[in-house]
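Visitor: One structure coming up, written as structure tokens, with questions to follow.
The values are calculated or read from the model by the stated rules, or taken from the named source; none is laboratory data. Given the structure is predicted, the values throughout are model-derived calculations rather than measurements. Here the Cβ positions follow ideal geometry from the backbone for every residue, glycine too, while neighbour counts run over all protein chains shown. Accessible surface areas use protein heavy atoms only, side chains included; no ligands, DNA or RNA. Shrake-Rupley method; radii C 1.70, N 1.55, O 1.52, S 1.80 Å.
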Amino acid sequence: MIGVFDSGIGGLTLLHEIIRQLPNEQYCYYADTENVPYSTKSEEEIKGFVEKAIQYFLSRNVKAIVLACNTATNVCVEDLRSRLEIPIIAIQPAVKVAVDHDTSELDAQRKKILVCATPITLRSSRFQRLVDSLNADGIVERMALPELVKLAEREEFGEEAEIYISQTLEQIDIAAFGSIVLGCTHFTYFEPIFYQLAPQLSIFDGNEGTARHLKNILGKLNLLSQKTENKLSVEYIESGKPTQNLARFERYIARIEQLT
């Protein structure tokens, strides 16, 4: 079994991609819906929330844990990897994908990259190290969109979200940008709005790369399920307890299917 953790329902977008790449596995999806959004919490609180999920996963003997929450990744991943023996796969904003997508050889011709994420992710030293490693500090611009997490959790993907995103994008010179990186798994639900408002930009998230990394790591450790006849199974856990609202998760999965 593979454990996938998120503060709420954002990580379902990553889970969907993982299942596409690894369809013969069993999954436990843990949504900390009692405490979402994490963007309003302190780092110590977040560490406590994540630790509860980790202990649940360990009690289920998962073979790997995926942090589908960028905020949790920035707060906890180094500590978790230092003390746990099982693989910890962590999502991060797909800045490298966006940088590689721009084939301009001259810095003067490089388009800017707009990274949309939660405030904790954007101000974290981990994110800064990522940008520095790509020599992209001069072209990366940060934009915090914390309200998108709340809108996604309320299943509000229409006019209110469009107004919020539109008003935020109006604060920048969009013509200077070549791509948008959605640095929060909740934000992937709103890809159609980003495409509508900025059709000239390329849009990236970290889901495909994270799923591929998980597959590679499990393969190297000989932990991939070899039984092609295995039937896919997903358990949905909300803050430590089996969900009492499976229909809600199914609605989100249906929406993700429409996006792909």
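Visitor: Which percent of the accessible area of region 128-260 is formed by carbon and sulfur heavy atoms (probe 1.4 angstrom)?
Guide: Carbon plus sulfur share of accessible area: 49 percent.
Visitor: Restricting to the chain, compute how many DSSP beta bridges are antiparallel as a %, nearest 5.
Guide: For the chain, the DSSP antiparallel bridge percentage is about 5.
Visitor: Another one. Would you list H186, H16, H101, H213 from the most to the least accessible area, probe 1.4 Å?
Guide: H101, H213, H16, H186
Visitor: Cα-based count: Lys pairs in the chain below 25 Å, eight or more positions apart or different chains?
Guide: Here the count comes out as 23.
Visitor: Next question, about the same structure. Please work out how much length the chain gains when fully extended from E155 to E191, using 0.36 nm per residue of separation minus the C-alpha to C-alpha distance, in nm with one decimal.
Guide: Additional length available on full extension: 11.5 nm.
Visitor: Could you work out which residue, out of T121, T185, T40, moves most in a Gaussian network model of the chain, that is, has the largest mean-square fluctuation with Cα springs under 10 Å?
Guide: T40
Visitor: Over the heavy atoms of D79, what accessible area does a 1.4 Å probe trace out, to the nearest 10 Å²?
Guide: Accessible area of D79: about 80 Å².
Visitor: Hey, what's the chain come to in accessible area per residue, 1.4 Å probe, Å²?
Guide: That works out to 47 Å² per residue.
Visitor: Between helix 12-21 and the chain, what is the angle of the helix's C-alpha long axis to the longest principal axis, kept within 0 to 90° and rounded to the nearest 10?
Guide: Result, in degrees: 70.
Visitor: Which value in nm describes the separation of the simple spin-label points at Q55 and R81, placed 7 Å from the Cα toward the beta carbon?
Guide: Between Q55 and R81, the label points sit 2.5 nm apart.
Visitor: Using a 1.4 Å probe on the protein heavy atoms, what percent of the accessible area of region 31-104 belongs to carbon and sulfur?
Guide: Answer for region 31-104: carbon and sulfur cover 47 percent of the accessible area.
Visitor: Most fluctuating residue of G11, G178, G206 in a GNM of the chain with Cα springs under 10 Å: which is it?
Guide: Of G11, G178, G206, the Gaussian network model singles out G178 as fluctuating most.
Visitor: Tell me the label-point distance for the pair I172, D137, using the 7 Å Cα-to-Cβ offset, in nm and rounded to one decimal.
Guide: 1.9
Visitor: Give the range of the longest stretch in the chain that excludes all trypsin sites (Lys or Arg not before Pro) found in loop regions by DSSP and having at most 11 other beta-carbon atoms within 10 Å.
Guide: 1-153
Visitor: Tally Lys/Arg at +1 and Asp/Glu at -1 over every other residue whose Cβ is under 15 Å from the Cβ of K52; what's the total?
Guide: Here the charged neighbours net out to -4.
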